Amino acid sequence: MTWLILRSVFGSLGIFCNFWALGRLTIADASILNKMSPFFAIIMSIFILHELPGVFEWFCVAAAFAGTLFVVKPTAGLASIPAAIGLSGGFFAGTAYTFVRLLGRKGERGPVIVMFFSAFSCLAFLPSLLFHYHPMTAAQILSLLGAGISASLGQLCVTKAYSLAPAKEISVFDYSQVLFAAIWGFLFLGEIPDLFSRIGYMIIIGTALIKWGHSIRTEKS
(Lines give C-alpha, C1' and ligand atoms only; values in the text may rest on other atoms or scores of the structure.)
Protein backbone atom coordinates (compact mmCIF):
# COMPACT_ATOMS: atom_id res chain seq x y z
CA MET A 1 0.00 0.00 0.00
CA THR A 2 2.85 2.41 0.83
CA TRP A 3 4.36 2.05 -2.64
CA LEU A 4 0.96 2.57 -4.29
CA ILE A 5 0.46 5.77 -2.28
CA LEU A 6 3.93 7.09 -3.12
CA ARG A 7 3.42 6.28 -6.81
CA SER A 8 0.12 8.15 -6.71
CA VAL A 9 1.49 11.18 -4.82
CA PHE A 10 4.37 11.70 -7.24
CA GLY A 11 2.17 10.93 -10.22
CA SER A 12 -0.42 13.49 -9.11
CA LEU A 13 2.27 16.13 -8.57
CA GLY A 14 3.61 15.37 -12.03
CA ILE A 15 0.19 15.86 -13.60
CA PHE A 16 -0.38 19.12 -11.74
CA CYS A 17 2.97 20.57 -12.82
CA ASN A 18 2.51 19.42 -16.40
CA PHE A 19 -0.99 20.87 -16.71
CA TRP A 20 0.13 24.14 -15.10
CA ALA A 21 3.03 24.38 -17.56
CA LEU A 22 0.79 23.52 -20.53
CA GLY A 23 -1.27 26.63 -19.80
CA ARG A 24 1.82 28.87 -19.95
CA LEU A 25 4.19 27.25 -22.47
CA THR A 26 3.84 25.92 -25.98
CA ILE A 27 2.57 22.35 -26.02
CA ALA A 28 5.87 21.11 -27.46
CA ASP A 29 7.94 22.87 -24.74
CA ALA A 30 5.78 21.48 -21.94
CA SER A 31 5.91 18.00 -23.49
CA ILE A 32 9.68 17.86 -23.92
CA LEU A 33 10.22 18.98 -20.32
CA ASN A 34 7.84 16.27 -19.15
CA LYS A 35 9.79 13.78 -21.28
CA MET A 36 12.78 14.27 -18.99
CA SER A 37 11.04 11.70 -16.78
CA PRO A 38 13.06 8.67 -18.04
CA PHE A 39 16.31 10.42 -17.14
CA PHE A 40 14.98 11.33 -13.70
CA ALA A 41 13.87 7.70 -13.40
CA ILE A 42 17.52 6.65 -13.85
CA ILE A 43 18.54 8.91 -10.97
CA MET A 44 15.68 7.90 -8.69
CA SER A 45 16.31 4.22 -9.39
CA ILE A 46 19.46 4.61 -7.31
CA PHE A 47 17.43 5.42 -4.21
CA ILE A 48 14.27 3.38 -4.84
CA LEU A 49 15.46 0.30 -6.74
CA HIS A 50 19.15 0.38 -5.71
CA GLU A 51 20.12 0.19 -9.39
CA LEU A 52 23.42 2.00 -9.97
CA PRO A 53 23.73 3.58 -13.44
CA GLY A 54 26.98 3.29 -15.33
CA VAL A 55 29.16 6.03 -16.77
CA PHE A 56 27.21 6.05 -20.03
CA GLU A 57 23.90 6.50 -18.23
CA TRP A 58 25.34 9.44 -16.27
CA PHE A 59 26.54 10.97 -19.53
CA CYS A 60 23.01 10.67 -20.96
CA VAL A 61 21.49 12.32 -17.90
CA ALA A 62 23.98 15.19 -18.14
CA ALA A 63 23.37 15.65 -21.87
CA ALA A 64 19.61 15.60 -21.43
CA PHE A 65 19.83 18.15 -18.63
CA ALA A 66 21.94 20.39 -20.88
CA GLY A 67 19.18 20.14 -23.47
CA THR A 68 16.58 21.28 -20.97
CA LEU A 69 18.56 24.49 -20.37
CA PHE A 70 17.79 25.52 -23.95
CA VAL A 71 14.08 24.99 -23.29
CA VAL A 72 13.98 26.41 -19.75
CA LYS A 73 16.16 29.43 -20.66
CA PRO A 74 17.20 30.27 -17.07
CA THR A 75 18.46 33.73 -18.12
CA ALA A 76 14.87 34.70 -18.98
CA GLY A 77 14.14 35.51 -15.32
CA LEU A 78 10.51 35.10 -14.34
CA ALA A 79 9.67 33.87 -17.83
CA SER A 80 11.52 30.63 -17.03
CA ILE A 81 9.33 29.79 -14.01
CA PRO A 82 6.69 27.92 -16.07
CA ALA A 83 9.50 25.93 -17.70
CA ALA A 84 10.98 25.13 -14.29
CA ILE A 85 7.56 23.90 -13.13
CA GLY A 86 7.30 21.81 -16.29
CA LEU A 87 10.72 20.29 -15.56
CA SER A 88 9.58 19.55 -12.01
CA GLY A 89 6.67 17.67 -13.55
CA GLY A 90 9.20 15.51 -15.39
CA PHE A 91 10.99 14.79 -12.11
CA PHE A 92 7.77 13.79 -10.34
CA ALA A 93 6.69 11.64 -13.29
CA GLY A 94 10.08 9.90 -13.44
CA THR A 95 9.90 9.15 -9.72
CA ALA A 96 6.36 7.83 -10.14
CA TYR A 97 7.45 5.51 -12.96
CA THR A 98 10.27 4.22 -10.77
CA PHE A 99 7.70 3.25 -8.16
CA VAL A 100 5.69 1.58 -10.94
CA ARG A 101 8.75 -0.51 -11.72
CA LEU A 102 9.08 -1.40 -8.04
CA LEU A 103 5.42 -2.38 -7.85
CA GLY A 104 5.84 -4.52 -10.97
CA ARG A 105 8.73 -6.33 -9.31
CA LYS A 106 6.54 -7.03 -6.31
CA GLY A 107 3.89 -8.57 -8.56
CA GLU A 108 1.29 -5.80 -8.44
CA ARG A 109 -1.02 -5.85 -11.46
CA GLY A 110 -1.03 -2.92 -13.88
CA PRO A 111 -4.80 -2.25 -13.76
CA VAL A 112 -4.65 -2.07 -9.94
CA ILE A 113 -1.83 0.50 -10.11
CA VAL A 114 -3.75 2.61 -12.63
CA MET A 115 -7.06 2.43 -10.76
CA PHE A 116 -5.45 3.33 -7.42
CA PHE A 117 -3.63 6.25 -9.02
CA SER A 118 -6.80 7.45 -10.77
CA ALA A 119 -8.86 7.32 -7.57
CA PHE A 120 -6.11 9.02 -5.54
CA SER A 121 -5.64 11.86 -8.04
CA CYS A 122 -9.41 12.45 -8.30
CA LEU A 123 -9.72 12.76 -4.52
CA ALA A 124 -6.60 14.94 -4.31
CA PHE A 125 -7.93 17.46 -6.82
CA LEU A 126 -11.56 17.33 -5.68
CA PRO A 127 -11.27 20.39 -3.36
CA SER A 128 -9.95 22.49 -6.23
CA LEU A 129 -12.86 21.39 -8.39
CA LEU A 130 -15.42 22.24 -5.71
CA PHE A 131 -14.03 25.67 -4.84
CA HIS A 132 -12.91 26.82 -8.29
CA TYR A 133 -15.55 25.33 -10.55
CA HIS A 134 -16.68 27.30 -13.60
CA PRO A 135 -19.47 26.17 -15.94
CA MET A 136 -18.11 24.72 -19.19
CA THR A 137 -19.39 24.89 -22.73
CA ALA A 138 -20.33 21.75 -24.66
CA ALA A 139 -17.09 21.99 -26.64
CA GLN A 140 -15.07 22.22 -23.43
CA ILE A 141 -16.84 19.20 -21.96
CA LEU A 142 -16.13 17.16 -25.10
CA SER A 143 -12.49 18.26 -25.03
CA LEU A 144 -12.24 17.29 -21.37
CA LEU A 145 -13.75 13.87 -22.05
CA GLY A 146 -11.38 13.35 -24.96
CA ALA A 147 -8.40 14.30 -22.79
CA GLY A 148 -9.56 11.96 -20.02
CA ILE A 149 -10.06 9.00 -22.36
CA SER A 150 -6.71 9.58 -24.08
CA ALA A 151 -4.89 9.98 -20.76
CA SER A 152 -6.46 6.81 -19.34
CA LEU A 153 -5.47 4.74 -22.37
CA GLY A 154 -1.99 6.25 -22.24
CA GLN A 155 -1.62 5.45 -18.54
CA LEU A 156 -2.64 1.83 -19.11
CA CYS A 157 -0.09 1.44 -21.90
CA VAL A 158 2.73 3.21 -20.04
CA THR A 159 2.06 1.33 -16.82
CA LYS A 160 2.06 -1.99 -18.67
CA ALA A 161 5.29 -1.12 -20.44
CA TYR A 162 7.16 0.00 -17.31
CA SER A 163 5.90 -3.05 -15.42
CA LEU A 164 7.30 -5.45 -18.00
CA ALA A 165 10.59 -3.83 -19.00
CA PRO A 166 13.30 -1.52 -17.66
CA ALA A 167 12.97 2.15 -18.50
CA LYS A 168 16.15 2.01 -20.60
CA GLU A 169 14.46 -0.30 -23.11
CA ILE A 170 11.20 1.56 -23.70
CA SER A 171 11.74 5.20 -22.78
CA VAL A 172 12.74 6.26 -26.28
CA PHE A 173 9.32 5.41 -27.69
CA ASP A 174 7.71 7.85 -25.27
CA TYR A 175 9.38 10.72 -27.14
CA SER A 176 6.98 10.34 -30.04
CA GLN A 177 4.60 12.36 -27.85
CA VAL A 178 6.74 15.45 -28.42
CA LEU A 179 6.36 15.09 -32.19
CA PHE A 180 2.59 14.72 -31.93
CA ALA A 181 2.38 17.62 -29.47
CA ALA A 182 4.31 19.87 -31.84
CA ILE A 183 2.07 18.89 -34.76
CA TRP A 184 -1.19 19.46 -32.85
CA GLY A 185 0.12 22.69 -31.35
CA PHE A 186 0.97 24.02 -34.81
CA LEU A 187 -2.25 22.87 -36.48
CA PHE A 188 -4.73 23.95 -33.81
CA LEU A 189 -2.94 26.70 -31.87
CA GLY A 190 -0.45 28.09 -34.36
CA GLU A 191 2.43 27.44 -31.94
CA ILE A 192 5.97 27.50 -33.35
CA PRO A 193 8.79 26.73 -30.86
CA ASP A 194 11.71 29.18 -30.93
CA LEU A 195 15.22 28.28 -32.07
CA PHE A 196 16.58 27.56 -28.58
CA SER A 197 13.67 25.24 -27.81
CA ARG A 198 14.22 23.33 -31.06
CA ILE A 199 17.92 22.91 -30.20
CA GLY A 200 16.88 21.57 -26.79
CA TYR A 201 14.46 19.13 -28.43
CA MET A 202 17.22 17.77 -30.68
CA ILE A 203 19.64 17.33 -27.77
CA ILE A 204 17.14 15.56 -25.52
CA ILE A 205 15.61 13.33 -28.19
CA GLY A 206 19.04 12.64 -29.70
CA THR A 207 20.35 11.60 -26.29
CA ALA A 208 17.36 9.30 -25.83
CA LEU A 209 17.99 7.68 -29.23
CA ILE A 210 21.70 7.18 -28.49
CA LYS A 211 20.88 5.70 -25.09
CA TRP A 212 18.30 3.36 -26.59
CA GLY A 213 20.71 2.20 -29.29
CA HIS A 214 23.42 1.61 -26.69
CA SER A 215 21.03 -0.50 -24.59
CA ILE A 216 20.10 -2.63 -27.59
CA ARG A 217 23.75 -3.20 -28.59
CA THR A 218 24.70 -4.04 -25.00
CA GLU A 219 22.00 -6.69 -24.73
CA LYS A 220 22.98 -8.29 -28.05
CA SER A 221 26.69 -8.47 -27.16
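The values are calculated or read from the model by the stated rules, or taken from the named source; none is laboratory data. What you see is a predicted model, and the numbers here were worked out from it, not measured in a lab. All Cβ positions, glycine included, derive from the backbone under ideal geometry; neighbour counts span all protein chains shown. Heavy atoms of the whole protein, side chains included, go into the accessibility calculation; ligands, DNA and RNA do not. Shrake-Rupley method; radii C 1.70, N 1.55, O 1.52, S 1.80 Å.
Starting from the Cα gyration tensor of the chain, multiply each eigenvalue by 5, take the square root, and state the resulting semi-axes largest first in whole Å.
27, 24, 16
What accessible surface, in Å², does a 1.4 Å probe find on TRP3, ignoring ligands, DNA and RNA and rounding to the nearest 10?
Per-residue accessible area (TRP3): approximately 100 Å².
Each residue of the range 127-134 in order: what ³J(HN,Hα) in whole Hz does its phi give by Karplus 6.51 cos²θ - 1.76 cosθ + 1.60, θ = phi - 60°, with x for Gly and Pro?
Karplus-based 3J(HN,Hα) across the range 127-134 equals x, 5, 5, 5, 9, 10, 6, 10 Hz.
Just to confirm a number: summing +1 for Lys and Arg and -1 for Asp and Glu over residues other than ALA182 whose beta-carbon lies under 11 angstrom from that of ALA182, what do you get?
Cβ neighbours under 11 Å give a net charge of -1.
So which trypsin sites (Lys or Arg not before Pro) in the range 58-137 are both in a DSSP loop and have at most 11 other Cβ atoms within 10 Å of their Cβ?
For trypsin sites (Lys or Arg not before Pro) across the range 58-137 that sit outside H, G, I, E and B with at most 11 neighbouring Cβ atoms in 10 Å, the list reads LYS106.
Please report the carbon-and-sulfur percent of the accessible area for the range 77-159; probe 1.4 Å, protein heavy atoms only, DNA, RNA and ligands left out.
Carbon with sulfur: 75 percent of the solvent-accessible area.
Evaluate the relative contact order of the chain (contact order divided by residue number), counting alpha-carbon pairs under 8 angstrom at least 6 apart; express in whole percent.
36 percent
Given the DSSP H assignment, sum -39500 (n - 2.57) over each helix run of at least 4 residues in the chain and divide by its residue total; what's the result at 222 nm in deg cm²/dmol, nearest 500?
Estimated from H runs of four or more residues: -27000 deg cm²/dmol.
Of all accessible surface on the range 13-64 at a 1.4 Å probe, what whole percent is carbon and sulfur?
75 percent
Before I look further, what does the range 27-68 give for accessible area per residue, probe 1.4 Å, in whole square angstrom?
39 Å²
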